[in-house]
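Here's the structure, in structure tokens; my notes come after.
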Amino acid sequence: MQARTHRRYALAMFAQGGKTDSFFDIVGERLDTSPAPILFVGPTKQFIKDQFEPRLDDFLTETRALAAKVSTSKRQTKTRKTVAGVPVRMAHAGSTTALKSDSIALVLSDEVDEFAANVKNQGNILRLIDRRGETFADFVHAAVSTPSIGPSEAYRDPDSGLEFWAEQDPDQIESAIWRMWQSGTRHHWAWPCPNCDEYFIPRFSCLKWDKPVDDTGRELKSDPMLAFQTARLECPCCGLPIDHTHKDDMNARGVTVAPGQSVQPDGTIIGAEPQSWTKSLWVSGLASPFVSWGQRAAEIVEAYNSGDPYDIQVCINASFGELYAPGSGEVPSWTKVKELASPSYVKGQVPSGVKKITAAVDVQKNCLYYTIRGWGERATSWLLEYGQLYGETKERFVWEDLEGLLQKDFDGIPIRLALIDAGFRPGKKDEVPVHRVYEFCQRNKRIARATKGSSTTILRNIAATKVDVNVNGMLLKNEIEHYRLDTDFFKRWVHERLHWEPDQLGAWLLPADVSEDFCKQMVSEARLKKASGRVKWVQRQKDNHYFDCEAMQAAAGRLENVLELRSNSPVHRVSTHATPQKKRKNDWFGERRSIW
């Protein structure tokens, strides 16, 4: 018998691809050739009772090599069989007792993305299952599932020319099977193109279909039937179309290939397999022998036409076997955001078109995130600076650092307005007697304004109120201005600007040396509209602080009437000879007219 090379196997693929049937083949081979305790784990008790147990019974009694080995003892139960003298147990992922009861040589986990993340405070369920095999030197845990939620991005290997799934931050991935797959060898199912003979990895982006157009050539809403009739694959190597009739031959010649490997035209794999405890494989739903590409195209068009993000998720996960990121159809990739970087300036420099400068600050427990943006003609804007000021925000010293930052000028142009998110109250749980954001704004009334996002629509998108401030134990009534911002409006404004051309008036620009992290945070949230009409912004990744800052920047630009700026608008620079003037009562908001 060949020695075991991996302790874990992970298969991420589309629904109804024969995953559970493969488990029966594995169980039969193991019981017939090398009997050892086996555990099958399903997502729910109902799944075990109604789906797996009846099928296992039929399999054991109808398989000639195993039927005589099934014990007839009265000790047999619905969830515990004895075959060839060893137990075959069935358990659901919600039962920690069943998962701890026996030592196991082979564990088969089905649909792991439906497992609870932490069962009865016992920790990660998959790690708990792995503990069952510590007494077996040849222990194996095989897990299968259709993936669920998480960010995904493909990259082209410069040596092999293959497009692999890129590794993502595990903390951003909800899908358990994808995390397992990513921690392993990361094999992909690859096909040979019938036109150019080059191997490629099929995925949803390869599927194309015709869109209906009107008499003027304008593209209309996609039609499922037209998609069904015209669906084809486009080879990423030669760009030529591939008809569905080639699928069987492509599957027959298909191979599994991992990053760092390449495929010769005859299917020979070149390069060593990545080293890992887990051997993992991803298979696209386009490879299903049971469903045509036309059906896949019609399914996704119907899902898109429904407008229901949950319909779209089911289709992406189950039909194509890929991760789904909420709003992924509208939110560009971070690399597209990076393309907005202007080669004409770097962080800290001030382009000649800047007329006004604003700042925005997102408050966290241990730091302050900030962005500083310059505004020019018709709301054209440039990101001048961004970063973090570190320190416990319940303490004063980090706020003193912020004061120093806001007092800076950029080529003589001062910061006119700084919006600071007051939604998180530093030190509230520690009973700090003052609201640090309000306290800061009271000390810096000239430019600092407290804000808080609102999920409900606000007239004119900004609502100004007065709030009380505790200063040195004294409660000052209606001391500072507080802005409530229409979160949906301003976040949409930022995302709209991500699609604008860099040379267009009103463009939203970034410095040439903008970081990957900043770009990723700009697409960290997606806008979902529910059937009720209510809008919700959902996080696609953990960090979204710069995106929050830039949404506040959009509000700051509105308050500063940046759409009214023109190329000949004056620039008010810092002058040591200027005489400070008294601020008009409504200088910041009340009397300002806006055309946004």
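Applying a threshold of 8 Å to beta carbon distances and a minimum spacing of six or more residues, or different chains, the list of pairs starting in the stretch 67-91 at a residue that is in contact (Cβ under 8 Å) with a residue 24 or more places away in the chain and more than 19 Å from Leu106 (Cβ to Cβ) and ending at one that is of a type outside the set (A, V, I, L, M) and surrounded by 14 or more Cβ atoms within 10 Å (Cβ to Cβ) reads Lys78/Lys49; Lys78/Glu53. Quick check: anything in the stretch 333-342 more than 20 Å from Ala512 (Cα to Cα) and either part of a helix (DSSP H, G or I) or touching a Lys or Arg at 6+ places or on another chain (Cβ under 9 Å) (or both)? No, the stretch 333-342 contains no residue that is more than 20 Å from Ala512 (Cα to Cα) and either part of a helix (DSSP H, G or I) or touching a Lys or Arg at 6+ places or on another chain (Cβ under 9 Å) (or both).
Considered as a group, the residues in the stretch 156-198 that are surrounded by 15 or more Cβ atoms within 10 Å (Cβ to Cβ) and among the aliphatic types (A, V, I, L, M) include one that is modelled with the lowest pLDDT, and that residue is Ile173. Screening Ile242 against (1) over 21 Å from His187 (Cβ atoms); (2) surrounded by fewer than 18 Cβ atoms within 10 Å (Cβ to Cβ); (3) over 30 Å from the mean Cα position of the chain (by Cα) leaves a single unmet condition, (2).
The combined condition, being β-branched (Val, Ile, Thr) and touching a helix residue (DSSP H, G or I) at 6+ places or on another chain (Cβ under 6 Å), is fulfilled by Val494. With the structure loaded, tell me whether Lys69 is closer than 25 Å to Asn317 by Cα and basic (Lys, Arg) or whether it fails that test. Answer is no for this residue. Scanning the stretch 346-371 for residues being in a strand (DSSP E or B), free of Cβ contacts under 8 Å to residues at least 60 places away in the same chain and closer than 22 Å to Ala512 by Cβ gives a total of 1.
Restricting attention to the stretch 274-298, the residues that are farther than 30 Å from His6 by Cα and either aliphatic (A, V, I, L, M) or surrounded by fewer than 22 Cβ atoms within 10 Å (Cβ to Cβ) (or both) total 7. Would you say Val350 is of a type in the set (A, V, I, L, M), surrounded by fewer than 19 Cβ atoms within 10 Å (Cβ to Cβ) and out of contact with any Pro (no Cβ under 6 Å at 6 or more places or on another chain)? So Val350 fits the description; yes. Could you please find all residues in the stretch 19-50 being in contact with a helix residue (DSSP H, G or I) (Cβ under 7 Å, 6 or more places away or on another chain) and outside any loop (DSSP other than H, G, I, E, B)? Matches in the stretch 19-50: Phe24, Gly28, Leu31, Asp32, Ile38, Leu39, Phe40, Val41, Gly42.
From the list Gln229, Gln172, Gln168, Gln264, the one residue that fits, being over 30 Å from Ser306 (Cβ atoms) and polar (S, T, N, Q), is Gln264.
Residues that are of a type in the set (Gly, Ala, Ser) and out of contact with any strand residue (DSSP E or B) (no Cβ under 8 Å at 6 or more places or on another chain) were ranked within the stretch 507-531; the one that is nearest to Gly348 (Cα to Cα) is Ser515. In the stretch 306-319, is there at least one residue being farther than 14 Å from Arg203 by Cβ, in contact (Cβ under 8 Å) with a residue 12 or more places away in the chain and either loosely packed, with under 15 Cβ neighbours inside 10 Å or of a type in the set (Ser, Thr, Tyr) (or both)? Yes, that holds for at least one residue.
Do we have any residue at all in the stretch 9-18 that's crowded, with 19+ Cβ neighbours inside 10 Å and either part of a helix (DSSP H, G or I) or free of Cβ contacts under 8 Å to residues at least 60 places away in the same chain (or both)? Among the residues of the stretch 9-18, not one is crowded, with 19+ Cβ neighbours inside 10 Å and either part of a helix (DSSP H, G or I) or free of Cβ contacts under 8 Å to residues at least 60 places away in the same chain (or both), which makes the answer no. Of everything in the stretch 137-148, what is among the hydrophobic types (A, V, I, L, M, F, W, C), buried (at least 18 other Cβ atoms within 10 Å of the Cβ) and either part of a loop (DSSP other than H, G, I, E, B) or within 13 Å of the chain's Cα centre (by Cα) (or both)? Give them in sequence order. Phe139, the sole residue that qualifies.
Residues checked against (1) part of a loop (DSSP other than H, G, I, E, B); (2) surrounded by 15 or more Cβ atoms within 10 Å (Cβ to Cβ); (3) not assigned by TED's automatic domain parsing to the domain that holds Gly133:
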{"residue": "Pro54", "(1), (2), (3)": "no, no, no"}
{"residue": "Asp57", "(1), (2), (3)": "no, no, no"}
{"residue": "Thr61", "(1), (2), (3)": "no, no, no"}
{"residue": "Leu66", "(1), (2), (3)": "no, yes, no"}
{"residue": "Thr72", "(1), (2), (3)": "yes, no, no"}
{"residue": "Lys81", "(1), (2), (3)": "no, yes, no"}
{"residue": "Gly94", "(1), (2), (3)": "yes, yes, no"}
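Here Asp503 clears all of (1) touching an Asp or Glu at 6+ places or on another chain (Cβ under 6 Å); (2) modelled with pLDDT under 90; (3) within 22 Å of Ile357 (Cα to Cα) except the condition numbered (1).
The values are calculated or read from the model by the stated rules, or taken from the named source; none is laboratory data. Please read these numbers as outputs of a predicted model, since none were measured by experiment. Cβ: placed from backbone, ideal geometry, glycine included. Neighbour counts: every protein chain shown.
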